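To start, the structure itself, in structure tokens.
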Amino acid sequence: MICSDKKMNFDITQVKGKAYAEMKDAHYHPYYEFYYLLSGTRKIFINDTIYSVKKGDLIVIPKGELHRTTYIGGETHERIVMDFNDDFIEPLISKIGYDSFDKCFDNRQLSIPPNRREYVEELFGKIIREHNGVDSYSSTILSLYVYELIMFVLRCHENSDHPCAVAEIGDDIISDAARYISSNFTHDLSLTQLADKYSMSPSYFSRKFKLCTGFGYKEYLITIRIIEACKLLLNTDLTITEIAEKCGFDDSNYFGDSFKKAKGISPREYRKANGVI
């Protein structure tokens, strides 16, 4: 359910996906992600918001944000996914400052203007080429191309007066439900309670939530609780039982089982490893 704590500096892939393919597991990771859609349509759920993504859209995801992609319709799609960490980006940050770099993520979704898509796609192509290792200069040239792409994104954000529409009709209700769960995960939230809140039957709410976010209702609730538990394990001296209670788990054994299922190791082992698995 939660993955990608791996150590990495930079990676990029270009993939063609089947019509109804979706991300098997939701995940978050300690590095940044740029997701560019070359063709087709997708939905991406980031933290508690649903984004409808079309050809020419760039999704930018900061470190530590839970996300998952799902399909919209019966068409194939092609995407480029680029990941990089703080070490990779540090030379650029030393020039422009972290606050300026962070403006990349002011909006998670950026529609590249049609007259600039060729430029962006050629730039991604150059990045992929250098990542494959042309010669001894490739690592330096790769960094320069990535920095150029980031500066382009910053310019687009600065000059855009038309932020992207986030969700389709109906998705906004589910996004609100996800935000409600994220804000109230310490409480005992039942499916019936949530369905009543949004004037739906439990079965319809469950289906709609899964369709829009890629998560089952209970899966999302537990995921949010585990994310908070990870923070408490690494940043506090609270006992495992105390952390379980603070994260909405009534039973520490159930917490331990849920944590191990999500992370592959026990809460105690995760703390001992300092979150690196």
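The values are calculated or read from the model by the stated rules, or taken from the named source; none is laboratory data. Source: prediction; values computed, not measured. In this analysis, Cβ positions are derived from the backbone assuming ideal geometry, glycine residues included, and neighbour counts consider all displayed protein chains. All accessible areas refer to the heavy atoms of the entire protein, side chains included, with ligands and DNA or RNA removed. Shrake-Rupley method; radii C 1.70, N 1.55, O 1.52, S 1.80 Å.
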Exercise. Once every Cα of segment 83-165 carries one equal point scatterer and solvent is ignored, give the base-10 log of I(q)/I(0) from the Debye formula at q = 0.10, 0.11, 0.21 Å⁻¹, two decimals.
Key: -0.27, -0.33, -1.08
Quiz item: Under a Cβ-Cβ cut-off of 13 Å, what is the net charge of the residues other than T13 that fall near it, where Lys and Arg count +1 and Asp and Glu count -1?
Solution: -2
Quiz prompt | Relative contact order computed over segment 125-270 (Cα-Cα under 8 Å; 6+ residues apart), in percent | solution = 15
Self-check item: Long-range Cα-Cα pairs in segment 220-277 (distance over 15 Å), rounded percent
Solution: 36
Self-check item: Rounded, prolate or oblate (a/c below 1.5 giving rounded, otherwise prolate when a/b exceeds b/c) for the chain by Cα gyration tensor
Solution: oblate
Self-check item: In degrees, nearest ten, helix 217-235 long axis to first principal axis of the chain (Cα)
Solution: 80
Quiz item: Using a ≥ b ≥ c from the Cα gyration tensor of segment 40-138 (square roots of the eigenvalues), is it rounded, prolate or oblate, where a/c under 1.5 gives rounded and otherwise the larger of a/b and b/c decides, a/b for prolate?
Solution: oblate
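Which of the three applies to segment 187-251, rounded, prolate or oblate, going by the alpha-carbon gyration tensor with a ≥ b ≥ c and a/c under 1.5 meaning rounded?
Working: a/c = 3.97, a/b = 2.24, b/c = 1.77.
Note, shape of segment 187-251 comes out prolate.
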Quiz prompt | L211-K272 FRET efficiency (beta carbon distance; Förster radius 41 Å; 0.05 resolution) | solution = 0.55
Exercise. Would you mind counting up the charge near I226? Only other residues with Cβ under 12 Å from its Cβ, with Lys and Arg at +1 and Asp and Glu at -1.
Key: +2
Quiz item: D237: accessible area at probe 1.4 Å, nearest 10 Å²?
Solution: 150
Self-check item: Relative contact order (%) - the chain, alpha-carbon pairs under 8 angstrom, separation at least six
Solution: 19
Quiz item: Ranked from the most accessible area to the least, with a 1.4 Å probe and all protein chains present, what is the order of V120, V81?
Solution: V81, V120
Quiz item: Any idea of E75's accessible area? Nearest 10 Å², probe 1.4 Å.
Solution: 80
Exercise. Count the net charge of all other residues whose Cβ sits under 15 Å from the Cβ of T236, scoring Lys and Arg as +1 and Asp and Glu as -1.
Key: +1
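Kindly state, to the nearest 0.05, the FRET efficiency for D172 paired with D87, given R0 = 25 Å and r defined as their beta-carbon distance.
Working: r = 38 Å, r/R0 = 1.51.
Computed FRET efficiency for D172 and D87 comes out at 0.10.
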Practice problem: May I have the count of lysine pairs in segment 175-269 with C-alpha atoms under 29 Å apart, counting pairs 8 or more residues apart or located on different chains? | Solution: 27
Exercise. Kindly express, to the nearest 10 degrees and within the range 0 to 90, the angle between helix 171-183's C-alpha long axis and the longest C-alpha principal axis of the chain.
Key: 60
Self-check item: Under 26 Å from K126, Cα to Cα: lysines that are on another chain or at least 8 residues apart
Solution: K6, K7, K16, K18, K54, K55, K63, K95, K103
